[in-house]
Amino acid sequence: METKDFSPCCAGTTFANEMAMASPFPSLKHAITVARDIWSRKLNVRSWLEAISGRSCSNEYLEMANEATMQELHEWGSMYEEKFGYVFVTFVACRTSKDILTELKMRFSNMHVVELEIALKEELKYIERSIRELFSKKSVQTTDEGDVSAEYSGKIVDDTLDGADTDLEDNLDAISSGGYDISRNVEFNKVPEEDNETLYTQHR
């Protein structure tokens, strides 16, 4: 498979490249396992923020909202983005717009380190859904190449960043609404110093 196959799954170019290099996958379950591992262990802060910033889940829940709720979602969404530097991300499947608004208000009060970890988990849910859709299309096109839902015997990586090489709690306390300060020995897979300017620019 090629990078372009995974580009619709995640706005982060590094993720798509890594998935393409790891292919082919013997099953959908294997692909999900690899995607979780790449997402939690092989990306740095810039790649995560690139993926989150490219997410536009708001259209999905705004379509379900009445005028009053829609206005509140816009207002709180703008405040959220101003505070954290990236768009509000939550998996909206089978949820009401009021539920999402309630969650948005609650998460707005989070510390930056806590909120980023939540956002990363929510973004991963979208990535996994897109990969399932991708494999569903591929299975229709190549039905003679086997069952994409076959079991995979490898270790499954949990849908969490707990235990990953990166330590969000220790390393992201420095993030503030004034920009991303990762000067305190942040080791998101050893982010280069030049990423500081990139993160600040993206926040702006």
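The values are calculated or read from the model by the stated rules, or taken from the named source; none is laboratory data. What you see is a predicted model, and the numbers here were worked out from it, not measured in a lab. Here the Cβ is made from the backbone with ideal geometry for all residues, glycine too, and neighbour counts use every protein chain on show. For the accessible areas, the whole protein counts, side chains as well, though only heavy atoms, and no ligand, DNA or RNA atoms are used. Shrake-Rupley method; radii C 1.70, N 1.55, O 1.52, S 1.80 Å.
Tabulated data
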| quantity | calculated |
| --- | --- |
| Some residue of the range 97-104 being hydrophobic (A, V, I, L, M, F, W, C) and under 18 Å from the mean Cα position of the chain (by Cα) | yes |
| M79 being over 13 Å from I127 (Cβ atoms) and touching a Pro at 6+ places or on another chain (Cβ under 7 Å) | no |
| Yes/no for E2 being more than 23 Å from F135 (Cα to Cα) and at pLDDT below 90 | no |
| Those helices (runs of 4 or more DSSP H) lying entirely in the range 39-117 with at least 3 residues at pLDDT below 90 and open to solvent by 70 Å² or more (accessible area, probe 1.4 Å) | 67-84 |
| Scan of the range 5-22 for residues that are modelled with pLDDT under 90 and over 17 Å from R55 (Cβ atoms), ordered by number | D5 |
| Members of the range 69-93 that are small (G, A, S) and within 15 Å of K105 (Cβ to Cβ) | G77, S78 |
